[in-house]
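A.B. asks: Here you go, one structure.
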Amino acid sequence: MEYEAVIGLEVHAQLLTRSKLFCGCSTTFGRPPNTQVCPVCLGMPGVLPVINEKAVEYAIRMALATDCRINHRSVFARKNYFYPDLPKGYQISQYDEPLAEAGHIDTETPDGRTKRVGITRIHIEEDAGKLLHGEGDDEASSLVDFNRAGMPLIEIVSEPHISSPEEAVSYLKALRDILLYLEICDGNMQEGSLRCDANVSVRPKGTKEFGTKTEVKNMNSFKFLKDALTYEIARQIGLMEGGERVVQETRLFEPSTGRTRSMRTKEEAHDYRYFPEPDLLPLVLEDEEIEAIGVMLPELPAQKKTRFMEEYGLPSYDAGILTSSKRLADFYEECVGLFNEPKTVSNWIMSELLRLLKEHNISMEESPVGAERFTALLKLLKGGRISGKIAKEVLEEMFATGKDAEAIIEEKGLSQISDESELLQVVDRIIADNPENVERYRAGKTKLLGFFVGEVMKATRGKANPQLVNRLLKERLG
């Protein structure tokens, strides 16, 4: 029997506000434990929360960017559960009256199709603290850091429209790109700024009824999400094939084993006992407020990708890579403004610049080569001053030293040899040294031209003008 997966994601994104959701404590990451706390986020008796206006604005931005319906009235609720990292004994969230509902994101499937994934809701909530296991003198101990308690989050809940681990990763990447373009979340999954829970079930292909779902909690990388879903789908299919029942439960993914394990079953699940937060008034929004925020929205990744394809004649793949981050897209457009050859710029960014950024383990923002210096190199290449091979070497040296391309070329004597008489001497020597290949070429093995070109380039240390070398070889060999 063939089976299909049904997947929905719940994504938590920490908002880039300077203070927490209901108090004035700093949100700076990495400070010493319990140094960014106050009576409000520690849940002391008698304190009152006050909503962070900027967090509401950021949540509205995300709702507008994903075509959600924004509710003019939303209500905060207390989500009650008892855990060491939750000092109040409840979390302030939104429940049956969230900020926004019924949106969508268009993602690309592994076979290149566009697929629309619905968004059920976006709501605002505060984060809990963080447990640190084995951090004390006793390796078996657990300590708690409340710096994260009260951090502003939005939770983005998708419809169960995702059919494979690959589609889930594509959806999460698209979601992250939007958050980064809006500049409301740094998207750092390793630091926990972006976390994902997945609800997954399987059913016989072609049936309409959902199977029994499990929830896989707290995945903080695209790889972990893919690996966890791949394992969980196979595990559920294995149970069904063996005549066993899939149990509705919450599971954790263990990266070290690539497996999920049971955390709690439905019978052990919390009854959160939601009820309206008595210390916060309903959040009431006017059309004018929403419209003012909408006017400030930037061009989003999907829109920018379409424009790059139309305006610069780029294929979908190139446009997708170049718009995967706002800084990279801005860099590309700045380069095209200085050197109006869109496809050449795209090729060099994708093949060489991104490779060097990865090798040096730095972001686009940290690149030592700006648009002016990058396009200056491309202009030297186009003008015949250097060859493509030399241009790659020069770019690597630019990364390592911070020097301009012109200075590196002068210092190392890398200028391209375009003197015909000088190259003829090299060409004639290579032909004289390879009589057998000359005979084979003249007998019809014309693909050997590549061999002769390679020998000339080797003899000139890559400095010969490739077009001139090709012409001279064809003339001499002919």
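A.B. asks: For a quick check of your reading of the filter: which trypsin sites (Lys or Arg not before Pro) in the stretch 141-238 sit in a DSSP loop and have no more than 13 other Cβ atoms within 10 Å?
C.D. replies: Counting only loop positions with at most 13 other Cβ atoms within 10 Å, the trypsin sites (Lys or Arg not before Pro) in the stretch 141-238 are Lys205, Lys208.
A.B. asks: A further question follows. Loop only per DSSP, at most 12 neighbouring Cβ atoms within 10 Å: give me the GluC sites (Glu not before Pro) in the stretch 60-154, ordered by residue number. Don't skip to the answer; put the middle values down first.
C.D. replies: Details: sites: Glu101, Glu108, Glu125, Glu126, Glu135, Glu139; in loops: Glu135, Glu139.
Answer by residue number: Glu139.
A.B. asks: I need the calculated FRET efficiency for the pair His360 and Glu310, taking r as the beta carbon distance and R₀ as 41 Å, to the nearest 0.05.
C.D. replies: Working: r = 33 Å, r/R0 = 0.81.
Efficiency for this residue pair is about 0.80.
A.B. asks: Still on this model: By how many nm would the segment from Ala292 to Ser351 grow when fully extended, if each residue of separation counts as 0.36 nm and the alpha-carbon distance is taken off? Each step should come with its number before you reach the end.
C.D. replies: Values: separation 59, 0.36 × 59 = 21.24 nm, distance 4.06 nm.
Answer, rounded to one decimal: 17.2 nm.
A.B. asks: Of Asp227, Asp271, how do they rank once you tally other Cβ atoms within 10 Å and put the fewest first?
C.D. replies: Asp271, Asp227
A.B. asks: Excluding same-chain residues fewer than 8 positions from Lys343, which aspartates and glutamates have a Cα within less than 18 Å of its Cα?
C.D. replies: Correct list for Lys343: Glu310, Glu311, Asp318, Asp330, Glu333, Glu334, Glu352, Glu372.
A.B. asks: Sort 236-243, 51-58 by the packing proxy (mean of other Cβ within 10 Å over each peptide's residues), most packed first.
C.D. replies: 51-58, 236-243
A.B. asks: Find how much the distance from Thr114 to Ala234 grows on full extension, using 0.36 nm per residue of separation minus their present alpha carbon separation; answer in nm with one decimal. Don't jump to the answer; show the numbers that get you there.
C.D. replies: On the way: separation 120, 0.36 × 120 = 43.20 nm, distance 2.57 nm.
This chain segment gains 40.6 nm when fully extended.
A.B. asks: Taking the Cβ of each residue in Leu16, Leu473, Leu281 as the centre, tally the other Cβ atoms inside 10 Å and list the residues starting with the fewest.
C.D. replies: Starting with the residue having the fewest Cβ neighbours, the order is Leu281, Leu16, Leu473.
A.B. asks: Over the chain, what relative contact order in percent results from Cα pairs under 8 Å that are six or more residues apart?
C.D. replies: 14 percent
A.B. asks: What order do you get for 318-326, 434-442 when each peptide is scored by the mean count of other beta carbon atoms within 10 Å, highest first?
C.D. replies: 318-326, 434-442
A.B. asks: Using a ≥ b ≥ c from the Cα gyration tensor of the stretch 92-154 (square roots of the eigenvalues), is it rounded, prolate or oblate, where a/c under 1.5 gives rounded and otherwise the larger of a/b and b/c decides, a/b for prolate?
C.D. replies: oblate
A.B. asks: Among the listed pairs Lys305/Lys358; Lys205/Lys226; Lys88/Lys217; Lys20/Lys223, which have their C-alpha atoms separated by more than 27 angstrom in this model?
C.D. replies: Among Lys305/Lys358; Lys205/Lys226; Lys88/Lys217; Lys20/Lys223, the Cα-Cα distance tops 27 Å for Lys20/Lys223.
A.B. asks: From the square roots a ≥ b ≥ c of the eigenvalues of the alpha-carbon gyration tensor of the stretch 219-347, which class results: rounded (a/c under 1.5), prolate (a/b over b/c), or oblate? Mind dumping the intermediate values first?
C.D. replies: Values: a/c = 3.55, a/b = 1.46, b/c = 2.43.
Judged from the Cα gyration tensor, the stretch 219-347 comes out oblate (a/c at least 1.5, b/c at or above a/b).
A.B. asks: Enter the angle in degrees (range 0 to 90, nearest 10) between the Cα long axis of helix 53-65 and the first principal axis of the Cα atoms of the chain, meaning the one along which they spread out most.
C.D. replies: Once rounded, one gets 60 degrees.
A.B. asks: Which one, Phe82, Leu16, Asn340, projects farthest toward the positive side of the charge dipole computed for the chain from Cβ point charges (K/R +1, D/E -1)?
C.D. replies: My answer, from the dipole projection, is Asn340.
A.B. asks: Can you give the calculated 222 nm mean residue ellipticity of the chain, where each DSSP H run of n ≥ 4 adds -39,500 (n - 2.57) and the sum is split over every residue, rounded to the nearest 500 deg cm²/dmol?
C.D. replies: -12000 deg cm²/dmol
A.B. asks: In the chain, if the dipole is taken from +1 on Lys/Arg beta carbons and -1 on Asp/Glu beta carbons about the Cα centre, which of Ile178, Val394, Gly30 is farthest to the positive end?
C.D. replies: So the residue furthest toward the plus end is Val394.
A.B. asks: To continue, here is another question. Any idea what the dipole of the chain comes to, in debye rounded to 20, about its Cα centre with Lys/Arg Cβ at +1 and Asp/Glu Cβ at -1? Write out the running numbers ahead of the final one.
C.D. replies: On the way: 61 positive and 77 negative charges, 290 e Å.
The calculation lands at about 1400 debye.
A.B. asks: Sort Leu297, Leu353, Leu377 so that the residue with the fewest other Cβ atoms within 10 Å of its own Cβ comes first and the one with the most comes last. Show your work: numbers first, answer last.
C.D. replies: Values: Leu297 14, Leu353 21, Leu377 25.
Listed from fewest to most nearby Cβ atoms, that is Leu297, Leu353, Leu377.
A.B. asks: Using the alpha-carbon atoms, what tilt in degrees (0 to 90, nearest 10) does helix 420-433 show relative to the longest principal axis of the chain?
C.D. replies: That works out to roughly 80 degrees.
A.B. asks: While we're here: What residues have an amide H closer than 5 Å to that of Leu132, excluding those fewer than 5 places away on the same chain, when H is modeled at 1.01 Å from N in the peptide plane?
C.D. replies: Counting only residues 5 or more places away or on other chains, the set is Leu143, Val144, Asp145.
Taken together, the values in this text are just the output of simple stated rules run on the coordinates, not laboratory data. Please read these numbers as outputs of a predicted model, since none were measured by experiment. Reconstructed Cβ throughout: ideal geometry from the backbone, glycine too, with neighbour counts over all protein chains shown.
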